[in-house]
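Note sheet for the following structure.
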Amino acid sequence: MDQLLRVMNFCVSSDGIGAGAGEHQSLERPFGLDRPERLFGWAGATAHWTMRTDSGGSRGLDDYFTRDFARNIGAEIMGRNKFGPQRGPWQDDEWRGWWGQEPPFRTPVFVMTHHKRPSFTLSDTTFHFVDGDPATVLAHAREAARGMDVRLGGGVTTIRQFLDAGLVDTLHVAVSPLKLGSGLRLWESPDELLDRFHLEVVPSPSGVTHHLFWRR
């Protein structure tokens with residue numbers, strides 16, 4: 001079976017804008033938003049949200065998607081600005097991400113950056129810092145995934161790079177019913193991807209609309 005490259009639970013506004021990597025991102029505001037729950041609240045409310053520490057949470061459609069987050073995933077690729085808000089050369093190697101001592105990925109993670117730094121491990125997640133084109137980085141991630149799929153974690157610029165390279169196999173985007181107005185845009189309309197992907201749109205009682213794409 002082929003190893004898929006999967007975008008999962010990626011959140012955008014109704015005008016196609018994703019969180020993070022924008023001009024308002026900082027150490028205190030990793031998503032660059034004053035109220036990130038407006039985009040991510042649907043996921044955070046579910047029983048299988050990766051950062052949940054209690055036994056509560058909702059069930060149903062939204063929970064299906066958060067429960068699926070780790071299924072058959074052997075590695076993750078992310079852009080540098082998902083890992084941290086710094087730009088340019090690393091000032092030091094002390095910054096180890098927003099997730100504390102137990103990141104939610106539980107796989108090797110390949111951080112795309114033009115500024116390399118040594119790999120390190122926190123709990124069961126090892127972060128590697130790689131400089132390369134999407135196909136080269138994906139090849140490294142697939143090798144590390146040991147036959148399982150690779151998750152493409154974002155942000156917007158990284159996902160667009162892999163889409164433009166024709167490397168994404170499946171894409172799940174949760175569209176929230178609000179407009180952000182400015183920021184990095186995943187699309188003007190999801191119809192832009194219909195030349196390459198099938199699309200099914202599934203509304204949720206939480207108010208988000210799940211867009212499910214799979215390669216033609």
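Taking the stated definitions as given, is P118 over 19 Å from the mean Cα position of the chain (by Cα), over 30 Å from T209 (Cα atoms) and surrounded by fewer than 15 Cβ atoms within 10 Å (Cβ to Cβ)?
Numbers: over 19 Å from the mean Cα position of the chain (by Cα): yes; over 30 Å from T209 (Cα atoms): yes; surrounded by fewer than 15 Cβ atoms within 10 Å (Cβ to Cβ): yes.
Answer is yes for this residue.
Can you find even one residue in the stretch 94-109 that is in contact with an Asp or Glu (Cβ under 9 Å, 6 or more places away or on another chain), closer than 16 Å to T158 by Cα and not acidic (D, E)?
Narrowing the stretch 94-109 to residues in contact with an Asp or Glu (Cβ under 9 Å, 6 or more places away or on another chain): 102-103, 105-109.
Still in the list and also closer than 16 Å to T158 by Cα: 109.
Filter again for not acidic (D, E), leaving 109.
Yes, there is a match, as at least one residue in the stretch 94-109 is in contact with an Asp or Glu (Cβ under 9 Å, 6 or more places away or on another chain), closer than 16 Å to T158 by Cα and not acidic (D, E).
With T113, T157 as the choices, which residue is among the hydroxyl-bearing types (S, T, Y), touching a residue at least 24 places away in the same chain (Cβ under 8 Å) and within 29 Å of V208 (Cα to Cα)?
On the way: T113 fails: within 29 Å of V208 (Cα to Cα).
When all the criteria are applied, what remains is T157.
Taking the conditions exactly as written (surrounded by fewer than 18 Cβ atoms within 10 Å (Cβ to Cβ) and closer than 13 Å to V7 by Cβ), does R151 satisfy them or not?
Values: surrounded by fewer than 18 Cβ atoms within 10 Å (Cβ to Cβ): no; closer than 13 Å to V7 by Cβ: yes.
When the stated conditions are applied, R151 does not pass them.
Select from the stretch 154-181 the residues that are on the phi > 0 side of the Ramachandran plot and surrounded by fewer than 20 Cβ atoms within 10 Å (Cβ to Cβ) and write down the one among them that is farthest from the chain's Cα centre (by Cα).
The residue in question is G181.
Of all residues in the stretch 182-216, count the ones that are hydroxyl-bearing (S, T, Y), part of a loop (DSSP other than H, G, I, E, B) and either at pLDDT below 95 or surrounded by 12 or more Cβ atoms within 10 Å (Cβ to Cβ) (or both).
Step one: list which residues in the stretch 182-216 are hydroxyl-bearing (S, T, Y), which gives 182, 189, 204, 206, 209.
If we keep only those that are part of a loop (DSSP other than H, G, I, E, B) too, we end up with 182, 189, 204, 206.
Now drop any that are not either at pLDDT below 95 or surrounded by 12 or more Cβ atoms within 10 Å (Cβ to Cβ) (or both), which leaves 182, 204, 206.
Qualifying residue count, the stretch 182-216: 3.
Within the stretch 133-180, take every residue that is assigned to a loop (DSSP other than H, G, I, E, B) and of a type in the set (D, E, K, R) and give me the one that is nearest to F65 (Cα to Cα). Steps first, answer last, please.
Residues of the stretch 133-180 that are assigned to a loop (DSSP other than H, G, I, E, B), as a first pass: 133, 146-148, 153-155, 165-169, 176-180.
Still in the running and of a type in the set (D, E, K, R): 133, 146, 169, 179.
Details: D133: 29, R146: 23, D169: 17, K179: 23 Å.
Among those residues, the one meeting the criterion is D169.
Please work out which residue is surrounded by the most Cβ atoms within 10 Å (Cβ to Cβ), limiting yourself to the stretch 41-57 and to residues that are closer than 27 Å to L163 by Cβ and β-branched (V, I, T).
Looking at the filtered set, the residue picked out is T46.
Which one is nearest to L178 (Cα to Cα), of the residues in the stretch 58-85 that are crowded, with 16+ Cβ neighbours inside 10 Å and more than 15 Å from the chain's Cα centre (by Cα)?
Top of the filtered list is D62.
The values are calculated or read from the model by the stated rules, or taken from the named source; none is laboratory data. These figures come from a predicted structure and were not determined experimentally. Methodologically, a virtual Cβ is constructed for each residue, glycine included, from the backbone with ideal geometry; neighbour enumeration extends over all protein chains shown.
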